[in-house]
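To start, the structure itself, in structure tokens.
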Amino acid sequence: MVAGILVGALASAVLATGGSGRAAPDGYWMKTDARFAPPTAFVPSAALTYDTSLVPAASRIEVSQRTEANGATTVGLKVEGLKPGHVYGVHVHQKPCGAEPAAAGGHYQHRKDPVQPPTDPAYANADNEVWLDFTADERGDGGASARHDWNFRRGEASSVVLHSAPGMAGSRVACFTVPFGWAAGTG
């Protein structure tokens with residue numbers, strides 16, 4: 001079993017690719033991907049699985065962001081090798097992933113009022129957060145995208161968390177630290 005975990009972690013590290021991002025006068029774009037590995041893996045990964053029955057070691061995730069000059073932002077998600085037929089909830093979170101699922105903090109929320117608490121439950125919906133819920137197909141692959149007329153605030157969106165159920169339900173089963181960016185003058 002330990003050998004299997006080490007092989008999965010090694011495959012995760014060998015097959016993971018770094019992200020690329022670009023800020024430009026016309027906005028910002030980025031795409032990054034990685035293979036999931038347990039937090040205790042010998043070779044660390046930016047993608048961590050906390051429940052290998054739902055997100056197996058060496059399964060793959062890709063996240064993209066395109067922010068237009070006007071601030072409109074589209075976030076895309078692709079996954080491969082998860083549990084076939086399972087329905088996942090996926091959200092952008094405030095902090096990078098860590099050894100414990102709670103390390104990623106709360107959901108990133110768009111708010112116009114700077115006095116509003118950063119995770120006000122009244123704003124926990126697909127209009128004010130990035131929700132990328134999906135159902136894995138027969139191979140365990142899936143994907144989703146979300147578009148909003150707003151941009152991330154600088155430094156306040158740092159990861160994508162996969163939950164065991166869609167919407168606001170479900171435990172955190174995996175996390176991927178993502179280099180989300182912003183277009184100058186829009187966030």
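The values are calculated or read from the model by the stated rules, or taken from the named source; none is laboratory data. These numbers were taken from a predicted model, which means no experiment stands behind them. Cβ: placed from backbone, ideal geometry, glycine included. Neighbour counts: every protein chain shown. Please note that ligands, DNA and RNA were not included when accessible areas were found on the heavy atoms of the full protein model with its side chains. Shrake-Rupley method; radii C 1.70, N 1.55, O 1.52, S 1.80 Å.
Identify, please: which residue in region 14-37 is surrounded by fewer than 14 Cβ atoms within 10 Å (Cβ to Cβ) and not in a loop (DSSP other than H, G, I, E, B) and is, among those, modelled with the lowest pLDDT? I'd like the intermediate steps shown before the answer.
Filtering region 14-37 down to residues surrounded by fewer than 14 Cβ atoms within 10 Å (Cβ to Cβ) leaves 14-15, 17-18, 20, 22, 24-26.
Applying the additional criterion that residues be not in a loop (DSSP other than H, G, I, E, B) yields 14-15, 17-18, 20, 22, 24.
On the way: Val14: 32, Leu15: 35, Thr17: 39, Gly18: 46, Ser20: 55, Arg22: 58, Ala24: 55.
The selected residue is Val14.
Please state which of the following conditions Glu138 fails to meet, knowing it meets all the rest: (1) at pLDDT 95 or above; (2) within 29 Å of Thr40 (Cβ to Cβ); (3) part of a loop (DSSP other than H, G, I, E, B).
(2)
Would you confirm, using the coordinates I've provided, whether Thr40 is at pLDDT 90 or above and open to solvent by 40 Å² or more (accessible area, probe 1.4 Å)?
On the way: at pLDDT 90 or above: yes; open to solvent by 40 Å² or more (accessible area, probe 1.4 Å): yes.
Criteria met by Thr40.
Filter region 160-176 for residues that are in a loop (DSSP other than H, G, I, E, B) and open to solvent by less than 10 Å² (accessible area, probe 1.4 Å) and give the result. Break it down stepwise before answering.
Start the filter on region 160-176 by keeping residues that are in a loop (DSSP other than H, G, I, E, B), which leaves 164-171.
Within region 160-176, none qualify.
Please give the number of the condition Glu138 fails out of (1) open to solvent by less than 70 Å² (accessible area, probe 1.4 Å); (2) more than 16 Å from Val55 (Cβ to Cβ).
The single condition Glu138 does not satisfy is (1).
Considering each residue of region 81-99, count those that are over 20 Å from Lys31 (Cβ atoms) and either charged (D, E, K, R) or over 15 Å from the mean Cα position of the chain (by Cα) (or both), and give that number.
7
Table: residues versus (1) touching a strand residue (DSSP E or B) at 6+ places or on another chain (Cβ under 7 Å); (2) over 17 Å from Met30 (Cβ atoms).
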{"residue": "Val55", "(1), (2)": "yes, yes"}
{"residue": "Ala58", "(1), (2)": "yes, yes"}
{"residue": "Thr74", "(1), (2)": "yes, no"}
{"residue": "Val79", "(1), (2)": "yes, yes"}
{"residue": "Tyr108", "(1), (2)": "yes, no"}
{"residue": "Tyr123", "(1), (2)": "no, yes"}
{"residue": "Gly142", "(1), (2)": "yes, yes"}
{"residue": "Arg153", "(1), (2)": "no, no"}
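Can you name every residue in region 66-102 that is of a type in the set (Gly, Ala, Ser), in a strand (DSSP E or B) and touching an Asp or Glu at 6+ places or on another chain (Cβ under 7 Å)?
Let us first name the residues in region 66-102 that are of a type in the set (Gly, Ala, Ser), namely 69, 71-72, 76, 81, 85, 89, 98-99, 102.
Of the ones still in play, those that are also in a strand (DSSP E or B) are 76, 89.
Residue satisfying the conditions is Gly89 alone.
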